[in-house]
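Okay, so here's the structure we're looking at.
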Ligand code: NI
């Protein structure tokens with residue numbers, strides 16, 4: 001399963017809101033996303049990484065696959081934590097990214113019911129990372145120009161190995 005990688009311009013496009021009740025392709029899409037995520041040992045994936053401009057993410061933090069449509073962060077901790085973060089669309093490197101240590105995320109499940117996820121630590125980080133993808137933002141976009149330059153160099157070196 002092909003995951004789009006930087007610098008594919010598709011990764012920079014904002015994805016569209018979806019209606020899980022009428023979008024009959026969603027379950028199939030979630031299956032493909034989960035397959036790609038597990039195949040590449042990821043903990044989360046967003047539809048734009050497969051070139052699909054829909055606001056849906058999947059993740060698996062504790063041996064349980066979850067999918068959320070139109071996820072929105074409605075509350076964030078003041079506290080930030082910087083940790084190394086990787087991305088299946090920027091394979092081969094990890095970069096330090098500051099994220100809120102806790103977030104509350106609202107969205108819809110595949111049946112169209114509202115879901116609220118109160119997340120901290122790794123799950124909070126994964127949600128922020130995947131929702132970034134829906135807004136066309138990847139980890140490289142969260143770096144200072146100098147950090148980005150170094151990260152892109154390391155990325156290109158990793159890709160040529
Ligand atoms: Ni990613």
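The values are calculated or read from the model by the stated rules, or taken from the named source; none is laboratory data. Just so it is clear, the structure is predicted and the values come from calculations on it, not from any experiment. Glycine also receives a Cβ, built like all others from the backbone with ideal geometry; neighbour counts cover every protein chain displayed.
Structure notes:
- Checked against (1) crowded, with 19+ Cβ neighbours inside 10 Å; (2) assigned to a strand (DSSP E or B); (3) away from the ligand (no atom under 14 Å from the Cβ), residue 72 meets all criteria but (1).
- One residue from 90, 10 being assigned to a helix (DSSP H, G or I), at pLDDT 95 or above and under 26 Å from residue 151 (Cα atoms): 10
- Inter-residue pairs, beta-carbon under 7 Å, first closer than 11 Å to residue 71 by Cβ and away from the ligand (no atom under 15 Å from the Cβ) and in the stretch 119-132, second modelled with pLDDT of 95 or more and outside any helix (DSSP H, G or I), 6+ apart: 119/102; 119/103; 119/105
- When residue 78 is tested against the conditions (1) crowded, with 20+ Cβ neighbours inside 10 Å; (2) without any contact (Cβ under 8 Å) to a residue 24 or more places away in the chain; (3) part of a loop (DSSP other than H, G, I, E, B), the lone failure is (1).
- Filter result (touching a helix residue (DSSP H, G or I) at 6+ places or on another chain (Cβ under 9 Å) and either surrounded by 14 or more Cβ atoms within 10 Å (Cβ to Cβ) or in contact (Cβ under 8 Å) with a residue 60 or more places away in the chain (or both)) within the stretch 38-54: 42, 43, 44, 45, 46, 47, 48, 49, 50, 52, 53, 54
- Per-region count, the stretch 123-149, residues touching a strand residue (DSSP E or B) at 6+ places or on another chain (Cβ under 9 Å) and in a helix (DSSP H, G or I): 17
- Exactly one residue out of 93, 138 is over 23 Å from residue 14 (Cβ atoms), in contact (Cβ under 8 Å) with a residue 24 or more places away in the chain and within 14 Å of the ligand (Cβ to nearest atom): that is 93.
- Failed item, numbered, when residue 103 is tested on (1) in contact with a helix residue (DSSP H, G or I) (Cβ under 8 Å, 6 or more places away or on another chain); (2) within 16 Å of the ligand (Cβ to nearest atom); (3) farther than 23 Å from residue 51 by Cα: (2)
- Residue pairs whose Cβ atoms lie under 7 Å apart, sitting 6 or more positions apart in sequence or on different chains, and linking a residue in the stretch 9-28 that is at negative phi to a partner that is exposed (fewer than 11 other Cβ atoms within 10 Å of the Cβ) and not in a helix (DSSP H, G or I), are 20/111.
- Meets criteria (within 12 Å of the ligand (Cβ to nearest atom), in contact (Cβ under 8 Å) with a residue 40 or more places away in the chain and either surrounded by 16 or more Cβ atoms within 10 Å (Cβ to Cβ) or assigned to a strand (DSSP E or B) (or both)) for residue 115: no
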